Structure formats: structure tokens, C-alpha cells
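The values are calculated or read from the model by the stated rules, or taken from the named source; none is laboratory data. Quick caveat: nothing in here was measured; it's all calculated off a predicted structure. Virtual Cβ from ideal backbone geometry, glycine too; neighbours counted across all protein chains shown. Side chains are part of the model used for accessible areas, which takes the heavy atoms of the whole protein and leaves out ligands, DNA and RNA. Shrake-Rupley method; radii C 1.70, N 1.55, O 1.52, S 1.80 Å.
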Amino acid sequence: MDDEQQRSMAMTVVHREMMATATTTTAAAAPGIAESYAGRSIFITGATGFMGKIMVEKLLRDCGELRCIYLLIRAKKGVDPAQRKEEYVKNIVFDHVRERYSERLGKIRLIRGDILSPGLGLSDDDRRELTENVELVFHCAANVRFDQHIRQAVDINLNGTIRVLGLAEQMRRLVSFVHVSTAYCQCNEAVLEEKHYPAPQNPEGISKMVGLLDDDLLDIITPRLLNNLPNTYAYTKALTEDMVYQYRGKLPIAIARPSIVTAAMKEPLPGWGEGTNGPTGLLIGAGRGVIRSMHCNGEYLADFMPVDVTMNAIIAIGTERMANARKEDVMYYNLTSSADNPISWGEVLEMGRGILNQNPFCFALWYPDGSIKSNYLYHLLCVVLFHYLPAYLIDFLMVLLRRKPFLVKVQKRISAGLTILQYYTTKEWVFRCDNTKSLYQRLSPDDRKRFYFDVNEINYKTYLYDFILGARQYILKEAPETLPKARKLLRKLYIMDKIVQIGLYLCGLWLAWTYLEVVTGSIQFVFDTAIESLRGTTVRQGL
């Protein structure tokens, strides 16, 4: 350990002694969240991901007295740690911290490692530093692709967690281990409580089996393993929770279960998001006119959590776990919105459609005018008519123009994504959030303001407005100044859409009229033939 680290640890000890003295000599209330993190060293996995960036930014912004944040980051060939760190903090989410608290960026310490490697791929020196200094672990790393092969899902979500748990066992000063799970890891349950649920199979057994079998055999047995769970993500998350539970008594564990995590509500930037998974992909596909139908029960409640609200809650859970000295307790928190601030899928989609029409995207293949279908067969018919037929037609025209076809491939990718998402829009769950609400009620007024996670504060109309503008700006890279141009394009697409609709109606009427004429002519022919036949018979009988 170098001199700087020794001085820092000495200052930490002094700081804690002063805090303890102040607590015993005054009748002050329990320390707030920022005070609880003061002088602490934190280890975060998944820090380069969507949720991880928000956690790091929030800790630096509002817990500035913390000692160090260790981030597990994979090494890039030819890129040294200093350069990697510079790239990381250049992200737009750190703009506020860079401008006002640039010195706090020095608290970030990159640790070369990989969740997929034995022992996390840590060097001896890094492992020693982590085991001697880290007091809190936030395990956020996960494979969030729902369609991932079971081998990859198990290796990252289950085996990766086992590797992190092994490291945490060696941490001498650990006071809190927060595992980020998902509210949908037990989809077979109608009511999801804040408690332990046994895994469908033994996690260690599944880990070993997946390592031994080849892909062909795994493909055969995967449906049986899932046992009606919708995908390998939910399945491996259920296994992982049970694996973490097995470390009760060894580690001070808390498990956070957020529902669908979406763009930021307030911080660091309203509407900021990354990637096109889940609702964001649906929004972009619908806004560009390539998604015209979605299988969804509009009366069911939607459940999603803005990423800043989610991470504020997880940071607060870290302090709550610190305050509980009983390692045998596993603390569970459902981070969901539908129980306290309900809104249906139909309301969300209708509200989003109105906002999107006022703030369209700069590029669209057709006028965005899709709808939800509760009847699955009707939805499939619309997919064939409005997704695949136009895609094949446009790709055929591209081939005629000697250009590369693309839309059928895009539609297949969209259909795969919709199939995954539609599982969650055609079912409904009841989430119990008593522990989360109790935690929020115990916060001081200042902490409730700084680390807000009361879902009743979500104004859906305002949030969806920021969500759509954020998707334009941060994901599609369409500046706000492009809105007038986008609105002109939308008007043109609307006119084209109406012209095509009128043309199709006229074509239908013409076909119906033609068919009617053919049918009428056929009937008249049959009738005339019959009359002639009768006349011929009468004449022959008269003769």
C-alpha cells in the first residue's frame, strides 16, 4: 500500500472517530445517505452499463466524501487504464460532475478484470487492494439480452455472480453486498413479495451441467429447464438470486429487484438513455413506421422505473444494509411502480403516440400509425399485412434498383424483439413493495429530495415527453433543432399514407364491384341457361 493510500485510510479513521464522537455527544439523528458513504470504498460491477454509469455519477455528485470507487472494467487491447478512464468520464452523463466537481473524478479507480474470467481475471495486486479496502459491493453486471443462449446467460448472470461472491468473501471490511436482480425473476408467481423464492433447479448443478454439455443438447433441454419462464434472462436471474441467498450468514446481503428500467426522469439529464432494448426499441420502431401492430392487453398495468429513480433506491439500500449488523438476514426490495402509481399499457401507448406526433423522428419509412391488438390471431394477420408484405415489396424494389435489400432483415429482428416484450404486455403481476416504501419513509427530508425514489413523483406525461425527446437526442443523435424538419416530413408521410389508404379502399371497391359483376353475370348465365333448357324441354314435350 503506498503512502497516499495510508494517509487516506488514516484520514478515514479520523473522520469516523469524529463522526462517532459527534453522535455520542449530541442527540443527532442517524446519519444521512451521503454521511453513511463518507470515507467508504465501493466496488461496482457493470459500471460501464446503462445503470452502472448512473450509479457512479450519482455517488460522485451527492456522496462526494466517499473515499474511492473501484470499477471492474475489461481491458482493451492497446488502451492503458488512464486512457480508458478518460474515455469513461467523457460520457455525457458526467458533464455535471466534470464541470462542478472535477476533483472527484480522481476517486474513480479502474480495476482490470472480466466477469467471465476465473477469479474475475484480477491481478494479485488488484485483488489484494480490493480485499483490504472495499466496504460496499454493488453487483450490477448482467447479460440483459432476453434471447441469449443459455450458455452465455448462465456464464455471465450465474457464474459471474459466483465469481463476485467469491471475491466478496475475502473482503475484510465488507459491510454491504447489494445484488441487482429483476422483479421478473419469478414470472410464474402472480403476486411477487419481498422474500426469498427457491430457484427452479440447483444453481451450482446447472452451472456445472452447462459447462459440460454441448450446445445441441442444451438446446434440447432448455425449454424443460425454463419451466414456463419466458426466457433465459429470467431463468438465470432466478438461479442467481438463490445462489446469492446461499451466502447468507457469510455476507451482509441485500437484493434489489427493479422492474423494466427506462430513461432518466431528472438526473443526470431528463430523458437520457442508452441502447434500444425493451420500450426504447418499441418507441423507435413505432416512430419510424416499421412497427404497425403489437400484441398487448391495453387494460393491464405497465410497470417501468426511470433509471435515476432505480439507482437512488439502490444507493439507499446500500446504507440500509450497512445499518443491519445481522449477516444471516437477506434484505429484499421490489423496485416497481404499478402498485402505487398505476398506469395501463393502453394509456402509456396512447399518451406516447400523441407526444411522438408532436416530436417526430427525422427519418421514418412510413407514417407512424400502429396500434395494439389484444387478439393474438388478429395481431398476426396485421403483422403479415403491415410488417412483412411492405418489407418484401420495398426489398424487391431495392433489388430492382440494384441496391442492397434490408427491410425484411429489420422486420425479422423487430419481430423477435416484440415477441420477447409482448410476454410482459399480455400478463399482469402484483408487486409488494413494503420494504422499499418503509425505507423511503425513514429517510430525512433532505435525503428524500436528493435521493428521490418515491414512484408517486413520476408524472407520466412529463416523463414520456422527456423520454421521447431523449431518444431523439441521445440515441438517434437528432438535435432539437431538427424538429421543424421532422414535422414537415411527418406531414408529407401523413398525406402519402392517406393517399395510399384511399387508393387501397378504391381498389377494394373496384375488386368488389368487379367480383359482383362476375357473380351477377354468372347467376344471369345460369338463370338464362335454365330458362332455355326449360323452353327446350317444353317444346319437345309439346311435339
Looking at Q5 and the list (1) open to solvent by less than 50 Å² (accessible area, probe 1.4 Å); (2) modelled with pLDDT of 90 or more; (3) part of a helix (DSSP H, G or I), which single condition is not satisfied?
(2)
Given the criterion in contact with a His (Cβ under 6 Å, 6 or more places away or on another chain) and in contact (Cβ under 8 Å) with a residue 24 or more places away in the chain, identify the matching residue among Y376, Y333, Y367.
Y376
Please work out which residue is most open to solvent (accessible area, probe 1.4 Å), limiting yourself to segment 225-264 and to residues that are part of a loop (DSSP other than H, G, I, E, B) and touching a Leu at 6+ places or on another chain (Cβ under 8 Å).
Y247
Which condition number in (1) in contact with a strand residue (DSSP E or B) (Cβ under 9 Å, 6 or more places away or on another chain); (2) of a type in the set (A, V, I, L, M); (3) open to solvent by 20 Å² or more (accessible area, probe 1.4 Å); (4) not in a helix (DSSP H, G or I) is the one that L365 fails?
(1)
Mind checking whether some residue in segment 124-139 is farther than 21 Å from K107 by Cα and crowded, with 16+ Cβ neighbours inside 10 Å?
no
What are the pairs, 6+ residues apart or on separate chains, where a residue within segment 32-49 that is without any contact (Cβ under 8 Å) to a residue 60 or more places away in the chain and aliphatic (A, V, I, L, M) has its Cβ under 9 Å from a residue that is open to solvent by less than 20 Å² (accessible area, probe 1.4 Å) and not in a loop (DSSP other than H, G, I, E, B)?
A38/T12
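For segment 318-359, give me each residue that is among the polar types (S, T, N, Q) and under 30 Å from R487 (Cβ atoms).
S344, N357, Q358, N359
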Just to be sure, is L110 out of contact with any Asp or Glu (no Cβ under 7 Å at 6 or more places or on another chain), open to solvent by 10 Å² or more (accessible area, probe 1.4 Å) and modelled with pLDDT of 90 or more?
yes
What about T222, is it more than 22 Å from D303 (Cα to Cα) and buried (at least 19 other Cβ atoms within 10 Å of the Cβ)?
no
Residues satisfying the stated conditions in segment 375-398, i.e. surrounded by 16 or more Cβ atoms within 10 Å (Cβ to Cβ) and within 25 Å of the chain's Cα centre (by Cα):
H379, V383, H387
What about Y197, is it within 18 Å of the chain's Cα centre (by Cα) and either surrounded by 16 or more Cβ atoms within 10 Å (Cβ to Cβ) or outside any helix (DSSP H, G or I) (or both)?
no
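With the structure loaded, tell me whether L377 is under 23 Å from P230 (Cα atoms) and either assigned to a loop (DSSP other than H, G, I, E, B) or at pLDDT 85 or above (or both) or whether it fails that test.
For L377, the condition - under 23 Å from P230 (Cα atoms) and either assigned to a loop (DSSP other than H, G, I, E, B) or at pLDDT 85 or above (or both) - is met.
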Over segment 280-294, the set of residues of a type outside the set (S, T, Y) and either out of contact with any strand residue (DSSP E or B) (no Cβ under 6 Å at 6 or more places or on another chain) or modelled with pLDDT under 85 (or both) is G281, L282, L283, I284, G285, A286, G287, R288, G289, V290, I291, R292
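State yes or no: is E267 outside any helix (DSSP H, G or I), of a type in the set (D, E, K, R), under 30 Å from N359 (Cβ atoms) and open to solvent by 20 Å² or more (accessible area, probe 1.4 Å)?
Against the criterion (outside any helix (DSSP H, G or I), of a type in the set (D, E, K, R), under 30 Å from N359 (Cβ atoms) and open to solvent by 20 Å² or more (accessible area, probe 1.4 Å)), E267 qualifies.
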Any chance you could count how many residues in segment 482-495 are open to solvent by 90 Å² or more (accessible area, probe 1.4 Å) and either not β-branched (V, I, T) or not in a helix (DSSP H, G or I) (or both)?
5
Given (1) open to solvent by 10 Å² or more (accessible area, probe 1.4 Å); (2) outside any loop (DSSP other than H, G, I, E, B); (3) within 16 Å of H149 (Cβ to Cβ), number of the condition G205 does not satisfy:
(3)
Got a sec? Which of V210, V175, V154, V191 is on the phi < 0 side of the Ramachandran plot and touching an Asp or Glu at 6+ places or on another chain (Cβ under 7 Å)?
V175
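Is it the case, given these coordinates, that R104 is under 26 Å from P203 (Cα atoms), crowded, with 18+ Cβ neighbours inside 10 Å and among the basic types (K, R)? Explain how you work it out, then say what you get.
On the way: under 26 Å from P203 (Cα atoms): no; crowded, with 18+ Cβ neighbours inside 10 Å: yes; among the basic types (K, R): yes.
Spelling it out, it is not the case that R104 is under 26 Å from P203 (Cα atoms), crowded, with 18+ Cβ neighbours inside 10 Å and among the basic types (K, R).
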With hydroxyl-bearing (S, T, Y), open to solvent by less than 90 Å² (accessible area, probe 1.4 Å), out of contact with any helix residue (DSSP H, G or I) (no Cβ under 9 Å at 6 or more places or on another chain) and within 30 Å of G64 (Cβ to Cβ) as the only criterion, which of S444, S438 stands out?
S438
Of all the helices (runs of 4 or more DSSP H) wholly in segment 61-164, which have at least 1 residues that are touching a strand residue (DSSP E or B) at 6+ places or on another chain (Cβ under 6 Å) and farther than 26 Å from D308 by Cα?
81-89, 124-133
What tally of residues in segment 143-165 results from selecting those that are closer than 16 Å to M51 by Cβ and charged (D, E, K, R)?
1
Filter segment 271-320 down to the residues that are open to solvent by less than 10 Å² (accessible area, probe 1.4 Å) and charged (D, E, K, R) and list them by number.
D303, D308
